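Heads up: the structure comes next, in structure tokens.
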């Protein structure tokens, strides 16, 4: 027999050529990695046998940066944690410092925070689901969802003066009271949001290509999700109905009637549908909030040791000028102590652990970012799948680099 013929022997006498897994770098400069994640993949053909998920390429440094300025100067940093729903980050940090101060903000402020926060949540979910569809080739839903997201941003811009990074929250309240047309603007956009969610679902839920890429792909088991500290839509897709707004009500969320959507299988499909249903629940909250919010009243506590004086008074009275100077230069000085406060962010439980030494500068700021815990479950969701499955699975986790590389 010729040596070359040995390669073509069939049956028990066939030769098995030695093989070993191939190692492949994916990211951080890769469109599917959203610019800040590196995955080291071990492949058996196109099937993943191991995945080393490595965040850290954004170099944010949020927590150490907070120790360099006053308590109020932290707000622009919180915007960059989850830059898709920054208003929720503003509110989360403000509530942590207010807990340390043992103060309550006015009722009108609570409703204002809820309205802006739920608009931010809708923006977050639209960005995630739109991008997830687009990465699988469904470009039309992406355009539809981002069109409505822009209408939501129009409201946020009119209220805060900024389209994306608002820095609008304040310790003890908000930077300014609601505009006169806030309620009507919210009422006008609600039916448009509902319409686009319905149209997008109709376009995708019976699309065979989209279903094949989402159903049964990237499965996360309930027990593993709980063990890994996963929260938000990723956890709720496994069937666990944990939502901070329901389980640990804060602000005025206990006054609203809304449901917590859950999935069954913890796959990409469930995560996609849970986010859309959460948008509908946010709309229910908004409808109730705009009806209940008082038309008059303050949006900040009446305490010159915490809140900046009115600008007109700063320009016309020496007392307000001095108060303004001390708050800007020295900072508000909470009593020594430490607290942990948490809210329901766009991707799950967003918590702040803060430590005060009595000075105008935070001694320590530690954030519990939901994306970090959701991301650490990614390996189990990816291993055993194919290379193309990484795209929708990683997208459905909705990893935000600013939260992970804090």
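The values are calculated or read from the model by the stated rules, or taken from the named source; none is laboratory data. Model, not experiment: these values are computed from the prediction. Quick reminder, even Gly has a Cβ in these numbers, built from the backbone with ideal geometry, and neighbours come from all protein chains shown.
So here's what we get for this one:
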read-out: Complete set of residues in segment 336-355 that are surrounded by fewer than 15 Cβ atoms within 10 Å (Cβ to Cβ) and out of contact with any strand residue (DSSP E or B) (no Cβ under 7 Å at 6 or more places or on another chain); value: none
read-out: Number of positions in segment 193-214 that are within 28 Å of residue 118 (Cα to Cα) and surrounded by fewer than 14 Cβ atoms within 10 Å (Cβ to Cβ); value: 3
read-out: Residue count for segment 78-109, restricted to those that are in a helix (DSSP H, G or I) and under 20 Å from the mean Cα position of the chain (by Cα); value: 13
read-out: Counted residues, segment 94-121 - those being surrounded by fewer than 20 Cβ atoms within 10 Å (Cβ to Cβ) and over 21 Å from residue 349 (Cβ atoms); value: 5
read-out: Unmet criterion (only one of (1) touching a residue at least 12 places away in the same chain (Cβ under 8 Å); (2) surrounded by fewer than 16 Cβ atoms within 10 Å (Cβ to Cβ); (3) within 23 Å of the chain's Cα centre (by Cα)) for residue 46; value: (3)
read-out: Among (1) without any contact (Cβ under 8 Å) to a residue 40 or more places away in the chain; (2) over 18 Å from the mean Cα position of the chain (by Cα); (3) surrounded by 20 or more Cβ atoms within 10 Å (Cβ to Cβ) - the single one residue 304 does not satisfy; value: (3)
read-out: Qualifying helices (runs of 4 or more DSSP H) (wholly inside segment 221-268; at least 2 residues being touching a helix residue (DSSP H, G or I) at 6+ places or on another chain (Cβ under 9 Å) and crowded, with 18+ Cβ neighbours inside 10 Å); value: 232-236, 244-247
read-out: Residue list for segment 1-43, filter: modelled with pLDDT under 75 and either within 22 Å of the chain's Cα centre (by Cα) or in a strand (DSSP E or B) (or both); value: 35
read-out: Members of segment 354-389 that are farther than 30 Å from residue 330 by Cα and part of a loop (DSSP other than H, G, I, E, B); value: 377, 383, 384, 385
read-out: Given (1) under 21 Å from the mean Cα position of the chain (by Cα); (2) part of a helix (DSSP H, G or I), index of the condition residue 189 fails; value: (1)
read-out: Residue 312, sole failed condition from (1) farther than 30 Å from residue 234 by Cα; (2) surrounded by 13 or more Cβ atoms within 10 Å (Cβ to Cβ); value: (2)
